[in-house]
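Comments concern the structure below.
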Amino acid sequence: MSEIRVLSKEVSELIAAGEVIDRPASVIKELLENAIDAGATVITVEIKNGGRTYMRVTDNGKGIAPDDLPTAFLRHATSKISQKDDLDSIMTLGFRGEALASICAVAKVDVMTKRREDSYGTHYSIEGAVEKTSEQCGCPDGTTFVVRDIFYNVPARLKFLKKDTSEANHVADLVTKLTLSHPDVSFKLIRDNKAEIITAGDGKIYSAVYSVYGREFANSMIEVDYTWQGIHVYGYTVKPLSAKPNRKFQNFFVNSRFVKSKACASAIEEAYRNNIMVGKFPACVLYIDVPPNTIDVNVHPTKIEVRFSDERLIHEAVYFAVKNCLMEKDEPNELKLEN
Ligand code: ADP
Ligand code: MG
């Protein structure tokens with residue numbers, strides 16, 4: 001009797017899903033990225049019970065064709081890339097074709113979607129990767145995903161979810177990052193029937209910062225706009241006297257994608273060295289635009305980390321951008337911000 005066997009599709013799907021989806025916030029991240037990739041300008045997120053029982057993402061993007069719906073939920077099915085070379089110049093947030101397959105493997109999903117050119121929309125529902133319904137329906141242009149009972153079929157994962165408030169805070173953090181990454185999109189987060197984050201989507205970074213972090217924070221920032229060796233660094237960084245007690249407010253967006261980057265984090269800390277008090281940390285909302293062929297975004301299933309072809313250049317670009325800005329605009333002069 002052989003001991004080694006190929007796992008069933010059901011089990012292998014659950015294992016693969018675990019890499020992408022580990023809590024409600026990861027579902028929201030994937031759905032929001034899809035909405036942005038679909039060209040949406042208005043996106044509403046609603047969650048109940050920390051997202052455990054109910055999550056909804058509604059967009060006014062391009063919608064999904066009825067025939068494409070079953071395919072969209074298959075693993076490695078995507079409309080965003082088609083060949084190997086496309087991996088070298090990714091401009092969309094998604095491209096791995098894994099999110100919908102992962103979400104429907106561990107939750108109950110309903111989609112209502114309609115393209116502008118179609119007279120009817122489609123309601124498609126899928127549960128544990130098994131199709132339940134596919135029928136015509138009336139609905140506005142765009143797409144609504146409703147995801148219920150995450151991990152209903154994976155008790156081990158369900159057990160590891162934190163309290164509803166904590167899961168909801170993770171969702172709110174995530175919506176904050178995506179809101180800042182796309183100031184041209186109007187976002188709304190509704191948490192247990194209460195609107196929590198609302199942004200104008202007027203394309204101004206300042207208004208997005210103001211909407212998510214508030215007036216005091218927005219007014220404590222200095223504008224950054226600097227180009228170094230083809231790398232454009234822009235956004236806002238904190239006035240040294242308003243530095244924060246932790247690193248929670250350090251945001252870096254590479255080609256409009258929120259990323260965790262050691263190169264950027266160390267560059268900003270270095271730029272502030274000797275400028276802020278011990279125990280205080282820089283806050284920033286910095287956008288770093290680089291040629292797409294100089295980064296590899298295919299490093300991590302959730303794409304939170306990227307690899308730069310020249311890490312040192314990125315470090316320098318961020319360092320000089322911030323350092324110059326701090327030297328130019330010595331406190332306590334009142335700093336003029338675009339409003
Ligand atoms: P990826 O984003 O990596 O392509 P996903 O599994 O997230 O993979 O989505 C699969 C496909 O479904 C996408 O490539 C896209 O064509 C389609 N899709 C998903 N969400 C939306 C949406 N909100 N609006 C339009 N199309 C969507
Ligand atoms: Mg996606």
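If only residues of the stretch 89-109 that are in contact with a Phe, Trp or Tyr (Cβ under 9 Å, 6 or more places away or on another chain) and among the β-branched types (Val, Ile, Thr) are counted, the one that is nearest to ligand 2 (Cβ to nearest atom) is ILE103. For the stretch 141-170, which residues satisfy the criterion of being in contact with a strand residue (DSSP E or B) (Cβ under 6 Å, 6 or more places away or on another chain) and either hydrophobic (A, V, I, L, M, F, W, C) or over 12 Å from ASN49 (Cβ atoms) (or both)? If the condition is that a residue be in contact with a strand residue (DSSP E or B) (Cβ under 6 Å, 6 or more places away or on another chain) and either hydrophobic (A, V, I, L, M, F, W, C) or over 12 Å from ASN49 (Cβ atoms) (or both), then ASP141, GLY142, THR143, THR144, PHE145, VAL146, VAL147, ALA168 are the ones that fit. Residues that are in contact with a His (Cβ under 7 Å, 6 or more places away or on another chain), more than 16 Å from GLU167 (Cβ to Cβ), within 15 Å of ligand 2 (Cβ to nearest atom) and at pLDDT 95 or above do occur in the stretch 32-42, at least one of them. Residues in the stretch 153-186 that are of a type in the set (D, E, K, R) and either in contact (Cβ under 8 Å) with a residue 40 or more places away in the chain or part of a loop (DSSP other than H, G, I, E, B) (or both): ARG157, LYS162, LYS163, ASP164, GLU167, ASP173, LYS177, ASP184.
To keep it simple, each residue is scored yes or no on (1) polar (S, T, N, Q); (2) over 26 Å from ASN153 (Cβ atoms).
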position	(1), (2)
ASP22	no, no
VAL27	no, no
GLY39	no, yes
ASN60	yes, yes
ILE64	no, no
ASP68	no, no
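Residues in the stretch 85-115 that are within 12 Å of ligand 1 (Cβ to nearest atom) and over 28 Å from PRO292 (Cβ atoms): 7 in all.
Once the stretch 59-82 is narrowed to residues that are within 20 Å of GLU46 (Cα to Cα) and near ligand 1 (Cβ under 9 Å from one of its atoms), the residue that is surrounded by the most Cβ atoms within 10 Å (Cβ to Cβ) is ASP59.
Restricting attention to the stretch 196-226, the residues being surrounded by fewer than 16 Cβ atoms within 10 Å (Cβ to Cβ) and of a type in the set (A, V, I, L, M) number 2.
Taken residue by residue, the stretch 146-157 has no member that is within 12 Å of ligand 1 (Cβ to nearest atom), in contact with a helix residue (DSSP H, G or I) (Cβ under 9 Å, 6 or more places away or on another chain) and farther than 19 Å from GLU46 by Cα.
The values are calculated or read from the model by the stated rules, or taken from the named source; none is laboratory data. On a predicted model such as this, the values are computed, not experimentally measured, just so you know. In this analysis, Cβ positions are derived from the backbone assuming ideal geometry, glycine residues included, and neighbour counts consider all displayed protein chains.
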